[in-house]
């Protein structure tokens, strides 16, 4: 059996620099040369494989197996979910259900910019993130905000800042699934046992993080005076999302926290608006609205409204029944393939690269949800063909990223490169708690994907935690939440987010506009991470 080498160059600093080459290469390819993400990750995975063979002396045959198992994991556990999630979303758009839902929601609030911002940027944005992610919440929410009078650059910023808290559970939980798949071999815990534990630990950190953004959103659209005079919106908006998100993350796993969180948020906001509304209706910038203050009538029948919500109800019902702790479907393993190495970090421990083909994973539940929705909405065969073509056009690049980034991540872990990097970074001692979320923040700024960031850095963070004796899941958890905070400055996300605005191919201006508030949220997250380490270490321990 292959035994990893901790310091193959004989100089830990040189080894550390060489282990950083794949990360630095991705930075240059994505942020400087602006290559497509799939091509950048393909090149990065080839370079990583060659370094693993040459410097870390990884056996060729075992390395090929580890890469293929990683790629298969990316396809089956991540691409399979995200593809059918986008199929479901495109079906809602094509059949008009999405537009009916939007019109109904617009009518629920007044013309007050603060009410519409919390309803749309915060609650509706979380629903879109939970279904599809990939920048689509910006693309759909920003035009709605522009229509209610927010200047376009500011509207994109509001949509982006609102979008960060739900990102770890975006695209039906893909980032958490990525984190569990890449660290299962390192932690020696089966993927299906690790998944709910990560979902719970990330959910707790996200719940604390989610207390702040609604206040920032109110401040951005109406100034400090407008923010304080609408304080119930911020409190109910944040606590409503958390009330749905946190129990779902802890008890039902990573697939639906955003979807259920957004639905609960809508319900409590609409109840709030029945009993309380801001004393003065404000437009953007905090200026009072004159004339008609009620929103336009939606013109929908109760049947239309029911059909608009039906696909979301189907998705929740099927996924909860299929993937909840009472279901044995996701645990059915038809094919098991694995290759292991002796760990350089923990003597006697094994680092595994494993692929289990489990036909009834979460992605299959999403497929079944889509089929039921297509039948209920009476989608025609010609429409299905067009929806499939549109989805494939949107998703083939992201699907290839799933293939290559997981192959890269598995090689990075299996060869010992992650262990060497972790050994070097562990010299920072307990101060690494500050670095962990910053690495996630930087990772998503490079890759544009929380999923890819977790795949790239998840194992490394877990190994540093092992060396330093941290709560096992704390550093990978902070990596994931750090990545969601950095999402508003990710070029890959911004390019999709600006697709419905005049900033197409001018993402740099949007990123600069978003940057300051991202740093505020990153600082808040660092404080949360330090507090958890010092006072609440049980928030991220390995039991469920």
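Structural remarks
- Out of 203, 237, 226, sole residue that is part of a helix (DSSP H, G or I) and surrounded by fewer than 24 Cβ atoms within 10 Å (Cβ to Cβ): 226
- Single residue of 9, 48 found to be surrounded by 16 or more Cβ atoms within 10 Å (Cβ to Cβ) and in a loop (DSSP other than H, G, I, E, B): 9
- Meets criteria (modelled with pLDDT of 90 or more and either in a loop (DSSP other than H, G, I, E, B) or closer than 24 Å to residue 132 by Cβ (or both)) for residue 339: no
- When residues of the stretch 23-40 are limited to those that are closer than 23 Å to residue 57 by Cβ and more than 22 Å from the chain's Cα centre (by Cα), the one surrounded by the most Cβ atoms within 10 Å (Cβ to Cβ): 25
- Matching option when the condition is in contact with a strand residue (DSSP E or B) (Cβ under 7 Å, 6 or more places away or on another chain), within 14 Å of residue 115 (Cβ to Cβ) and surrounded by fewer than 17 Cβ atoms within 10 Å (Cβ to Cβ), among 275, 289, 281: 289
- Filter pass, residue 68 being surrounded by fewer than 21 Cβ atoms within 10 Å (Cβ to Cβ), assigned to a helix (DSSP H, G or I) and in contact with a strand residue (DSSP E or B) (Cβ under 9 Å, 6 or more places away or on another chain): yes
- Restricting attention to the stretch 342-358, the residues that are assigned to a loop (DSSP other than H, G, I, E, B) and farther than 19 Å from residue 325 by Cβ total 7.
Listed here are the residues, each with its yes/no results for (1) surrounded by 24 or more Cβ atoms within 10 Å (Cβ to Cβ); (2) touching a residue at least 24 places away in the same chain (Cβ under 8 Å); (3) farther than 23 Å from residue 205 by Cα.
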position: 409; (1), (2), (3): yes, yes, yes
position: 415; (1), (2), (3): yes, yes, yes
position: 463; (1), (2), (3): yes, yes, no
position: 471; (1), (2), (3): no, yes, no
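- Against the list (1) free of Cβ contacts under 8 Å to residues at least 40 places away in the same chain; (2) over 24 Å from the mean Cα position of the chain (by Cα); (3) under 19 Å from residue 267 (Cα atoms), the condition residue 120 fails is (2).
- From the list 114, 157, the lone residue that is in contact with a strand residue (DSSP E or B) (Cβ under 7 Å, 6 or more places away or on another chain) and part of a helix (DSSP H, G or I) is 114.
- Test: residue in the stretch 405-428 that is part of a helix (DSSP H, G or I), more than 30 Å from residue 10 (Cβ to Cβ) and touching a helix residue (DSSP H, G or I) at 6+ places or on another chain (Cβ under 8 Å): yes
- Inclusion of residue 526 among residues that are at pLDDT 90 or above, closer than 19 Å to residue 166 by Cα and in a helix (DSSP H, G or I) is warranted.
- For the stretch 429-461, filtered to residues that are buried (at least 24 other Cβ atoms within 10 Å of the Cβ) and under 23 Å from residue 11 (Cα atoms), the residue that is nearest to the chain's Cα centre (by Cα) is 457.
- Residue that is modelled with the lowest pLDDT [pool: residues in the stretch 104-160 that are more than 23 Å from residue 92 (Cα to Cα) and surrounded by fewer than 22 Cβ atoms within 10 Å (Cβ to Cβ)]: 110
- Some residue of the stretch 280-288 being within 30 Å of residue 193 (Cα to Cα), at pLDDT below 90 and outside any loop (DSSP other than H, G, I, E, B): no
The values are calculated or read from the model by the stated rules, or taken from the named source; none is laboratory data. Everything quoted here is computed from the prediction, not taken from an experiment. We place every Cβ from the backbone using ideal geometry, glycine too, and count neighbours over all the protein chains shown.
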